[in-house]
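Read-outs throughout are calculated quantities, based only on the coordinates presented, and are distinct from any laboratory measurement. The model shown is predicted, which means the values in this text are computed figures rather than measured ones. Note that we place each Cβ from the backbone using ideal geometry, even for glycine, and neighbour counts take in every protein chain shown.
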Amino acid sequence: MIDFLIIGGGIAGLSAGARLSRHGKVTVLEAEDAIGYHASGRSAALFEESYGPSSVVALNKASASFLRDENGGYLTPRGLMLVGRKDQGRIFDQDSSDLNMQVIATEDALARVPILNPDTVGYAAVSDSAFDIDTDRLLQDFARNIRGNGGDVLIRKKVTEIRKDGQWIVVAGQTFEARNLVNAAGAWVDEIAVLAGIAPIGITPKRRSMARIPAPGGHDVRGWPMMLGVGESWYAKPDAGKLLVSPSEADPVAPQDAYADDMVLAEGLARYEEMVTEPVTRVEATWAGLRSFAPDGTLVLGPDPSDPSFIWSAGQGGYGFQTAPAASQLVADLATGTPSQLDTGIIAALSPERLRR
Ligand SMILES: Cc1cc2nc3c(=O)[nH]c(=O)nc-3n(C[C@H](O)[C@H](O)[C@H](O)COP(=O)(O)OP(=O)(O)OC[C@H]3O[C@@H](n4cnc5c(N)ncnc54)[C@H](O)[C@@H]3O)c2cc1C
């Protein structure tokens, strides 16, 4: 008998599975040909402790030591630079304070990122607390943990039917029986809830597109910080000697295998180009992923009030990797009745119960 049957082989399902595999038999079911195929394979892979609403920041802080130290560490320094146009002073002040950033002179910003355009950039701030996360290794290590503790991570297992008859009976090509069900299906969590006869929580998947461009002007971009336009209007992040540029859109869409919207991408690239001296001459690749949000914008973690054997790990939004160590620990603690290290106020802010009132 499976103790914890987890639907979804992204970072939410695999991290929860790794934690739960110390408490019982875990099986992860992933519909696609590979783990991390959807949102978890398409992220910008950034850890920034101050990014997100307060309950997310609490999870970021509680995740930092795991990401820094576990298995040799998953973080490498990146740094973040916020840039604003000369007419964006007010929004720049708000963003730089929200993100705990240090305001610097535009000349200093240019010294760090020589393609910034002195004619348009009026404001800059930096943070040293942003890191690249080795997301592939994190996913693989959590999957290895599950297998090492006697669990299974199964691909090409799309869940099509769920019933409860004393225990959960789940059909995904073959039939699985389990004491507890963990819903970590990303953009599809509400569809899974409906299949299981549990009320949905109102998750909205939001598309975010990305383009990979060659290093601007042939510069060595590896040591550049991630650049962020004020109001999260675009960002550009060095990646393996190239630059990833995103329009930072958050367009609501149905759950799907997302693809980049060309028009949105073109507008975002134009917002980036306005702030730099090197035009975008070639786009090497484009893609998009879905960031899935609960109505109040924070994660949904823990047993459903109507049936505690149905456990949510949902609504990871744009924070799924940076919060994964603490979020998965909380899911496991709540599922096994283990006291959590997190404050009760934070646990309540993340609980499915808050969405049922
Ligand atoms: C462009 C972009 C940039 C981002 N940048 C960052 C960042 O810098 N830092 C950060 O921390 N986060 C970032 N994120 C967010 C992060 O990627 C997500 O929060 C995280 O990947 C969500 O993980 P998940 O496991 O919930 O979802 P997913 O990775 O989508 O996994 C859910 C899985 O469930 C499976 N599934 C669905 N239905 C079924 C079914 N019926 N049967 C079986 N399996 C099913 C799907 O196939 C899927 O693989 C970004 C996201 C995007 C899109």
Residue-normalised 222 nm signal for the chain, counting each DSSP H run of n ≥ 4 as -39,500 (n - 2.57), nearest 500 deg cm²/dmol, is -8000 deg cm²/dmol
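Between residue 271 and residue 357, what's the calculated FRET efficiency when r is the beta-carbon distance and R0 is 41 Å? Round to 0.05. Don't skip to the end; give the middle numbers.
Numbers: r = 39 Å, r/R0 = 0.96.
It comes out at approximately 0.55.
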Rounded, prolate or oblate: which one fits the range 1-115, using the alpha carbon gyration tensor with axes a ≥ b ≥ c (rounded when a/c is under 1.5, else prolate when a/b beats b/c, else oblate)?
prolate
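Grab the Cα-Cα distance for residue 71 and residue 239, subtract it from 0.36 nm times how many residues apart they are, and report the gain in nm with one decimal. Mind dumping the intermediate values first?
Values: separation 168, 0.36 × 168 = 60.48 nm, distance 2.25 nm.
Gain in length upon complete extension: 58.2 nm.
When a/c is below 1.5 the answer is rounded, else prolate if a/b is larger than b/c, else oblate, so apply that to the range 247-293 with a ≥ b ≥ c taken from the square roots of the Cα gyration tensor eigenvalues. Walk me through the intermediate numbers first.
Details: a/c = 3.18, a/b = 2.00, b/c = 1.59.
Judged from the Cα gyration tensor, the range 247-293 comes out prolate (a/c at least 1.5, a/b above b/c).
Charges at C-beta only: +1 for Lys and Arg, -1 for Asp and Glu. How large is the resulting dipole of the range 49-151 about its Cα centre, in Debye rounded to 20?
Details: 10 positive and 15 negative charges, 53 e Å.
Its charge dipole is roughly 260 debye.
Test of understanding: what is the full-extension gain from residue 86 to residue 105, defined as 0.36 nm times their sequence separation minus their Cα-Cα distance? Walk me through the numbers on the way to the answer.
Working: separation 19, 0.36 × 19 = 6.84 nm, distance 1.26 nm.
Fully extending the segment from residue 86 to residue 105 adds 5.6 nm.
Suppose R0 equals 22 Å. What FRET efficiency, 1/(1 + (r/R0)^6) with r the Cβ-Cβ distance, do residue 161 and residue 259 give to the nearest 0.05? Intermediate results must be reported in sequence, preceding the final value.
On the way: r = 29 Å, r/R0 = 1.30.
That pair, residue 161 with residue 259, gives E of 0.15.
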What is the distance, in nm, between label points placed 7 Å from the Cα along the Cα-to-Cβ direction at residue 194 and at residue 179?
3.2
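Which of the three applies to the range 140-205, rounded, prolate or oblate, going by the alpha-carbon gyration tensor with a ≥ b ≥ c and a/c under 1.5 meaning rounded?
Numbers: a/c = 1.97, a/b = 1.31, b/c = 1.50.
Oblate, since a/c reaches 1.5 and b/c is not below a/b.
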For the chain, with +1 on Lys and Arg beta carbons and -1 on Asp and Glu, the positive-most of 224, 54, 99 along the dipole:
54
Compute the projected area of the convex hull of the Cα atoms of the chain, averaged over all viewing directions, and report it in nm² to one decimal place.
17.4
